[in-house]
1. Which condition number in (1) touching a helix residue (DSSP H, G or I) at 6+ places or on another chain (Cβ under 9 Å); (2) away from chain B (no Cβ under 14 Å) is the one that A:R242 fails?
2. Can you pull out the residues in the stretch B:23-39 that are more than 7 Å from every other protein chain (Cβ to nearest Cβ), farther than 16 Å from A:E256 by Cβ and in contact with a helix residue (DSSP H, G or I) (Cβ under 9 Å, 6 or more places away or on another chain)?
3. What residue, of B:Y186, B:Y247, is modelled with pLDDT under 95 and more than 30 Å from A:G25 (Cβ to Cβ)?
4. Where in the stretch B:73-185 are there strands (runs of 3 or more DSSP E), lying wholly inside it, with at least 3 residues that are surrounded by fewer than 24 Cβ atoms within 10 Å (Cβ to Cβ)?
5. Give the residues of the stretch B:234-255 that are surrounded by 15 or more Cβ atoms within 10 Å (Cβ to Cβ) and in a helix (DSSP H, G or I), sorted by residue number.
6. So, of the residues in the stretch B:17-44 that are within 19 Å of A:T92 (Cα to Cα) and aliphatic (A, V, I, L, M), which turns out to be nearest to the chain's Cα centre (by Cα)?
7. In this structure, does B:E269 turn out to be outside any helix (DSSP H, G or I), without any contact (Cβ under 8 Å) to a residue 24 or more places away in the chain and under 29 Å from B:D127 (Cβ atoms)?
Number of protein chains: 2
Amino acid sequence: MKRTAFFISDGTGITVEALGRSLLGQFEHTEFEYVIKPFIDSVEKADHLVSQINAVAELDGIRPVVIDTIVDVTVRTALKNANAFMLDIFSTFLAPLEEELGSASSYSVGKSHSIKEDDQVYKDRIDSVHFAIDNDDGGRTRHYDTADIILIGPSRSGKTPTCLYMALQFGIRAANYPLTEEDFDYGELPKALRQYKHKLYGLTIDPARLAAIRNERKPDSRYASIRQCDQEVTEAELLYQRFGIPYINTTHFSVEEISTRMMVEAGIERRASPK
Amino acid sequence: MKRTAFFISDGTGITVEALGRSLLGQFEHTEFEYVIKPFIDSVEKADHLVSQINAVAELDGIRPVVIDTIVDVTVRTALKNANAFMLDIFSTFLAPLEEELGSASSYSVGKSHSIKEDDQVYKDRIDSVHFAIDNDDGGRTRHYDTADIILIGPSRSGKTPTCLYMALQFGIRAANYPLTEEDFDYGELPKALRQYKHKLYGLTIDPARLAAIRNERKPDSRYASIRQCDQEVTEAELLYQRFGIPYINTTHFSVEEISTRMMVEAGIERRASPK
């Protein structure tokens with residue numbers, strides 16, 4: 001039976017959605033329809049949402065699941081009128097935390113405040129995005145001295161999205177440099193990279209997957225042939241091994257996983273942590 | 001008194017960190033030091049982490065706060081040996097959910113599985129990243145027919161990071177086009193945009209903030225002068241109003257907030273939702 005789940009937040013809803021999906025994803029036998037409701041930050045909006053939830057309950061023939069991270073107690077109280085099974089993150093965890101920490105939370109004293117990032121931290125994130133774009137694909141190499149990490153790998157092995165994810169999510173300055181046939185022929189590290197060996201991180205990928213990705217871009221080209229992909233991947237891995245460059249196989253990993261795994265391995269601290 | 005908080009996950013740790021910061025951020029009077037521990041996916045790693053937590057407890061003179069989203073029950077049980085105040089997301093919420101849904105979770109039957117994104121959804125995200133880069137800054141306009149949204153606004157008002165965020169987080173195909181003095185002189189919508197009026201979304205920004213951002217890039221230039229910024233912002237807002245283009249002031253918003261607010265206003269559904 002289909003069940004509707006509402007993920008409700010007074011902010012962007014990104015955290016509650018991630019949490020909600022991960023919780024409800026544990027129930028294989030229930031088919032959920034997810035509805036995300038960000039910016040529910042007033043009693044009026046909550047009241048309106050209650051009507052929506054109740055209408056869905058009627059339509060589904062069963063009360064929806066509601067997971068919320070609303071901080072303001074009056075807004076949350078208004079939401080409680082809904083005909084729903086409610087999991088309220090803040091009220092669940094803040095009481096035990098208050099006891100442990102021996103102090104009242106802003107929440108419980110009715111002085112809720114949103115968690116604003118530090119301005120400098122936010123600036124780091126945005127600057128890192130521009131850094132990633134300006135130093136994408138080996139186009140420019142003269143700013144490598146200010147990079148936190150330089151990703152190398154064959155074309156379409158995942159360098160660009162990973163750099164951008166690290167920038168946006170963690171404020172990491174990540175450049176990337178494509179490894180091409182010329183680089184392999186040479187038998188040495190590309191000149192632009194030599195003095196930054198300690199910043200290099202290699203990407204590799206299953207050749208069949210790489211061929212599939214390249215085929216979407218340039219169908220039936222030499223570039224996309226399995227033979228070419230196989231050769232580039234083999235050469236890239238040899239290069240990583242020869243120069244002791246750490247590397248990761250991206251085939252089965254998302255940009256989130258690639259980024260965090262690389263950062264753990266390379267010992268790079270998260271500079272920013274968006275809400 | 002300083003208190004250490006560990007955010008622990010068997011995955012990337014992104015969700016538990018966001019949740020943990022938002023919970024502990026409600027306690028203004030406690031100074032936390034956050035430690036993020038991703039990929040704790042074996043009993044061995046959990047045991048090792050327990051030693052770390054206990055060492056920190058000794059050093060701090062007070063037990064740390066631990067918030068975790070580990071799914072596997074044996075790993076989580078190992079973690080329970082730590083001298084810490086533990087908030088366990090899964091054990092807290094899965095029991096009531098099991099009761100409400102009338103079925104056991106994979107978690108409780110010991111068959112935990114990570115929530116993998118659908119391959120197609122992931123592909124959409126990565127394709128959208130390449131789309132955003134290829135269609136950044138008005139460089140190319142011929143693919144606007146396949147864009148979900150086209151951001152317009154003065155240089156450095158936040159278009160590029162917002163497009164990339166929408167791509168990475170939500171799989172939205174977002175292009176962007178810079179509004180320049182020529183566009184304003186003309187008194188009409190730039191030619192490349194005319195047939196896509198329904199896809200346009202404007203950005204505006206406080207001129208003083210814009211000048212500060214531009215000054216970092218080109219100090220003391222005409223481009224960065226408050227007079228120039230003021231004029232461009234004024235003209236951009238006039239253009240939005242004249243052509244009935246929705247717009248948002250980015251001055252006090254993060255890319256997360258800009259993206260989600262725009263998507264709510266423009267009625268654009270989230271296509272992807274990373275874990």
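1. Every condition holds for A:R242 apart from (1).
2. Matches in the stretch B:23-39: B:L24, B:F32, B:E33, B:Y34, B:V35.
3. Working: B:Y247 fails: modelled with pLDDT under 95.
B:Y186 is the lone residue from the list that is modelled with pLDDT under 95 and more than 30 Å from A:G25 (Cβ to Cβ).
4. B:85-88
5. B:E235, B:A236, B:E237, B:L239, B:Y240, B:V255
6. B:A18
7. So B:E269 fits the description; yes.
Let's see how each residue does on (1) among the acidic types (D, E); (2) buried (at least 16 other Cβ atoms within 10 Å of the Cβ); (3) assigned to a helix (DSSP H, G or I):
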| residue | (1), (2), (3) |
| --- | --- |
| B:E188 | yes, no, no |
| B:A208 | no, no, yes |
| B:A224 | no, yes, no |
| B:C229 | no, yes, yes |
| B:E232 | yes, yes, yes |
| B:E257 | yes, yes, yes |
| B:T260 | no, yes, yes |
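The values are calculated or read from the model by the stated rules, or taken from the named source; none is laboratory data. The model shown is predicted, which means the values in this text are computed figures rather than measured ones. Positions of Cβ are generated from backbone atoms using ideal geometry, with glycine treated the same way; all protein chains shown enter the neighbour counts.
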